[in-house]
Amino acid sequence: MVQYRATLCRNIMLDSLSVFTKSCQRMSPVIKFTFAALIRVGVTASVLGGLVALTIDVTWGVALGALVILAVIGYYAYKLASLSVWLDDPQAATLPDGIGLWADTLGHLYRVIRHERAAQRTLADTLSRFQAAAAALPDGAVMLDNQYNIVWCNPSAETHLAVSLKRDRMQVITYLIRNPEFIHYLDSRNFLEPLVIRLQHNKSAANAASAAATEVILSLQLVAFGDDQMLLLSRDISERERLETIRRDFVANVSHELRTPLTVVTGFLETVAIAGTSNETLLQKSLAHMSVQTARMQHLVEDLLTLSRLEDNRNRLAVSPVNIPELISSLLNDAEQLSNGRHTITKHIDAPWLLANRDEIASAFGNLITNAVRYTPAGGTIHAEWSQASNHAPLVFRVTDNGDGIGAEHLPRLTERFYRVDRGRSRASGGTGLGLAIVKHVLIRHDGHLEIQSSLDTAQHGTTFSAFFPPERAYAVEDRICAVAA
């Protein structure tokens, strides 16, 4: 009978424990946490109070149990207040620690926070890399929402579109770019092809009155991404359009330059064909004119080929010591023959040899001297100078004349192909319009540059062309003698 009762009690306890376990599994996390805390507090208070009651007195045991419960409640209140303070300002205060359930809770919270901070650092690094990559892009990028408000843009877009992310964030882009073609492009929502527009940008100078406006040619295209978001891509094609314009002008100028002598030659050939060879005077005159025009076409073709070689990157510069004083003397002798006594030509040479390509330097210096002879009226003076102020100063070849001078508005364009201040006068002098372009490219290949100064003043008119070379290209004759002796 006793064994039966013991077995029954054991079964009842196991069933009760099973029911309790299943009930705990169905509890919410909050109830589980609360229940676990109550059990811990109750067990702690009961154990301490029971020990005191058994050893001292029941009253003291109950009092100690109540005191333990109050102390635990105070501890929980203190930790809750510490956690509340930390949540108000996580950066200023440190995460509190604890024991028991607080240790488990705060440890879990610390792991969550550490994971979140690591994720934030990863996200911040990714965003920084993205912004750095976007800032390095030569093309502009503007992020727009579905209302065409500016959400973000990179520095290139700020330059292209004259907007500011700091000032114009969440501004409608059509308020800032008031271009009818751009507005129509947005309204049509046909973004398959880019839009090319011209925008005027104001560049403020020292004072607002002297502010200058420059035109920028942009290629714009919208790309949709995400949910109702768009990316406006911009590319500055001003240089490409400028080069295309130069190419068109170049083709047109070459055609025009060749058409004139070809027309003359064709006309005289027709005249000779009709008149026959009986009229010897007409035949000689026609042949003379055709020879002049043929020589002009030949010079034009030669200059075009020279310019093409200079612009070819595959044509490497081969340098050697060039006896510049001897070269200048030879070029001036040719200039005196071209002048035929109509000009006074002088020179001053006070600089060493030059490490350069002799043929290219001869072409550049010859063009400068020949231009001075062609465009200086009879009775004028021409002075050629090769000098270096010091061992560390640039080497300078300078050609000065006292001709009519050139207007300041023409100086920046003189080195363009076929650009002429006076077209009729240039053709009459026998120029092809490519000489200064050749000079510019030769100097660029030799790390130099060309400076032009001119004056139209009646008392002191004339033009000076100065070709500068870096001092590293100087080659002293003493070095050459020492090298030969060695």
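Of the residues Ala393, Ala389, Ala356, the single one that is more than 24 Å from Tyr419 (Cβ to Cβ), open to solvent by 50 Å² or more (accessible area, probe 1.4 Å) and either without any contact (Cβ under 8 Å) to a residue 12 or more places away in the chain or aliphatic (A, V, I, L, M) (or both) is Ala389.
Can you pull out every residue in region 305-324 that is buried (at least 16 other Cβ atoms within 10 Å of the Cβ) and in a helix (DSSP H, G or I)? Within region 305-324, Thr306, Leu307, Leu310, Ile324 meet the criteria. Pick from region 103-123 the residues that are modelled with pLDDT of 85 or more and open to solvent by less than 90 Å² (accessible area, probe 1.4 Å): which of them is farthest from Ile237 (Cα to Cα)? Looking at residues that are modelled with pLDDT of 85 or more and open to solvent by less than 90 Å² (accessible area, probe 1.4 Å), I get Ala118. Figure legend. Inter-residue proximity from region 245-256: first residues of a type in the set (S, T, N, Q), second residues open to solvent by 60 Å² or more (accessible area, probe 1.4 Å), beta-carbon distance below 8 Å, spacing 6+ or different chains. Indicated pairs: Asn253/Arg417. Only residues that are within 27 Å of Ser390 (Cβ to Cβ) and surrounded by fewer than 18 Cβ atoms within 10 Å (Cβ to Cβ): list them for region 446-465, please. Hits for region 446-465 are Asp447, His449, Glu451, Ile452, Gln453, Thr464. Val292 meets all of the listed conditions (1) open to solvent by 70 Å² or more (accessible area, probe 1.4 Å); (2) among the β-branched types (Val, Ile, Thr); (3) more than 39 Å from the chain's Cα centre (by Cα); (4) more than 30 Å from Thr266 (Cα to Cα) but one, namely (4).
Can you tell me which residue in region 184-199 is farthest from the chain's Cα centre (by Cα), limited to those that are open to solvent by less than 60 Å² (accessible area, probe 1.4 Å) and among the aliphatic types (A, V, I, L, M)? Within region 184-199, the match that is farthest from the chain's Cα centre (by Cα) is Leu186.
When Leu231, Leu269, Leu222 are checked against the criterion of being assigned to a helix (DSSP H, G or I) and out of contact with any helix residue (DSSP H, G or I) (no Cβ under 6 Å at 6 or more places or on another chain), Leu269 stands alone in meeting it.
Taking first residues from region 74-89 that are touching a residue at least 24 places away in the same chain (Cβ under 8 Å) and more than 16 Å from Leu109 (Cβ to Cβ) and partners that are basic (Lys, Arg) and surrounded by 10 or more Cβ atoms within 10 Å (Cβ to Cβ), no Cβ contact under 6 Å between residues at least 6 apart in sequence or on separate chains turns up. Residues in region 137-156 include at least one that is hydrophobic (A, V, I, L, M, F, W, C), at pLDDT below 85 and open to solvent by 40 Å² or more (accessible area, probe 1.4 Å). Within region 157-178, being out of contact with any Phe, Trp or Tyr (no Cβ under 7 Å at 6 or more places or on another chain) and surrounded by 14 or more Cβ atoms within 10 Å (Cβ to Cβ) holds for Ala157, Glu158, Thr159, His160, Leu161, Ala162, Val163, Asp168, Gln171, Leu176, Ile177.
Quick one: is Thr260 of a type in the set (S, T, N, Q), assigned to a helix (DSSP H, G or I), at negative phi and open to solvent by less than 80 Å² (accessible area, probe 1.4 Å)? It is true that Thr260 is of a type in the set (S, T, N, Q), assigned to a helix (DSSP H, G or I), at negative phi and open to solvent by less than 80 Å² (accessible area, probe 1.4 Å).
Only residues that are open to solvent by less than 50 Å² (accessible area, probe 1.4 Å) and closer than 17 Å to Gly341 by Cβ were counted in region 373-386, giving 4.
Of all the listed residues (Pro412, Pro394), the sole one being within 30 Å of Asp312 (Cβ to Cβ), at pLDDT below 90 and out of contact with any Ser or Thr (no Cβ under 9 Å at 6 or more places or on another chain) is Pro412.
The values are calculated or read from the model by the stated rules, or taken from the named source; none is laboratory data. Predicted, not measured: the structure shown is a model, and the values here were computed from it. Ideal geometry is used to build each Cβ from the backbone, glycine not excepted, and the neighbour counts take in all protein chains shown. Ligands, DNA and RNA are stripped out before the accessible areas are found, and what is left, the full protein with its side chains, is counted by its heavy atoms. Shrake-Rupley method; radii C 1.70, N 1.55, O 1.52, S 1.80 Å.
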